[in-house]
Amino acid sequence: MQEQSYTTLCGKTVLVQRKIGLKRMTLRFSKKQKAFVVTAPILVPFSTVSRFIDGAKAWFTKVDLYQQQNLQQQNGSRIIEPGQSISILGNLVRVDFIPSPKLKVSLNNEVLEVHGVRSKFEQHLKKYLKNLAYEKLSHYSHEYAQILGVAFKKIAVKEMKTRFGSCTSVGNLNYCWRLIFAPEPVLAYLCAHEVSHLKEMNHSKKFWANVELLCPNYKHFQKWLKQNGKGLFGVL
Ligand SMILES: [Zn+2]
């Protein structure tokens, strides 16, 4: 036996499916139904289901954001307006614009404030995020190179159209700055991958063994990139 009803959260429709025999509630995004779906035991009161959905609000917004970014990428629209949220290292961050004669960008308490003139809003935001990406990618690359006992020449963090990282034969590491929009462990996995190429310039068993040493759950993050990677190109 199954019952279906709809409820609304953050302006989105959530499909609530109630089934006999279920022990717990789950919330997921269904690609097939293009909607958020909650499954719940049939006897659980609606107020409990509602509380459950409410508790998952942060998760809900984040998943929704990645879906939205995937869509933006498909449509080719990448404009960020003040007040919108983006994901920085997997955290949901609201981007605000503060008119000011002085340029300043600061990030605290999940709010990123861009102070300056409106016409330069996107440019300043992008520059700040690129620097932040450089900081993180450089940190993990150094850490992993030390563990593997290898050295690289230099790191470049830039716009890349089709991939997220590369390692050249002379030992330069290149990363796509858009990794800053991915959860931090995904960014770290890319570093583990490229640094491992300093030892093995191929995708052999030996290579993957090094990746696994640096990043034990790497398969999980590979999968994440496959599903959400395109969406990272849908921001800015
Ligand atoms: Zn590779």
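The lysines whose alpha-carbon is closer than 28 Å to the alpha-carbon of Lys153, local same-chain residues fewer than 8 away aside, are Lys126, Lys127, Lys130, Lys136, Lys161, Lys199, Lys205, Lys206, Lys219. What you get for the chain, charging only the Cβ of Lys and Arg (+1) and of Asp and Glu (-1), is a dipole of about 520 debye around the Cα centre.
Here segment 2-55 is treated as a sphere whose radius is the Kirkwood value from Cα pairs; by Stokes-Einstein at 4 °C and 1.567 mPa s it diffuses with a coefficient of 116 µm²/s.
Let me have the 222 nm mean residue ellipticity of the chain computed from DSSP H runs of 4+ only, each contributing -39500 (n - 2.57), with the sum over all residues rounded to the nearest 500. Result for the chain, helices only: -12500 deg cm²/dmol. Charged neighbours of Val49, selected by a Cβ distance under 13 Å, balance to +2 (K, R count +1; D, E count -1). Evaluated with a Cβ-only charge set (Lys, Arg +1; Asp, Glu -1), segment 2-55 carries a dipole of roughly 260 debye about its Cα centre, given to the nearest 20.
Rounded, prolate or oblate: which fits segment 146-236 when a ≥ b ≥ c are the square roots of the eigenvalues of the alpha-carbon gyration tensor, with rounded for a/c under 1.5 and prolate only if a/b beats b/c? Taking the square roots of the gyration eigenvalues as a ≥ b ≥ c, segment 146-236 is oblate.
Spacing of the modelled spin labels on Lys230 and Arg163, each 7 Å from Cα toward Cβ, amounts to 2.0 nm. Note on the chain: Kirkwood hydrodynamic radius from all Cα pairs is 20.0 Å, rounded to one decimal.
Does segment 92-223 classify as rounded, prolate or oblate by the C-alpha gyration tensor (a ≥ b ≥ c root eigenvalues; a/c under 1.5 gives rounded; else a/b over b/c gives prolate, otherwise oblate)? Judged from the Cα gyration tensor, segment 92-223 comes out prolate (a/c at least 1.5, a/b above b/c). If you split all Cα-Cα distances of segment 78-124 into 10 Å bins from zero, what percentages do you get per bin, shortest first? So the P(r) values, bin by bin, are 29, 57, 14, 0.
Dipole magnitude for segment 78-124: about 180 debye, using +1 per Lys or Arg Cβ and -1 per Asp or Glu Cβ, origin at the Cα centre.
We did not get these values from a lab; they are worked out from the coordinates using the rules stated. What you are looking at is a predicted structure, and each value in this text was computed from that prediction instead of being measured. Positions of Cβ are backbone-derived with ideal geometry, glycine not excepted, and every protein chain shown enters the neighbour counts.
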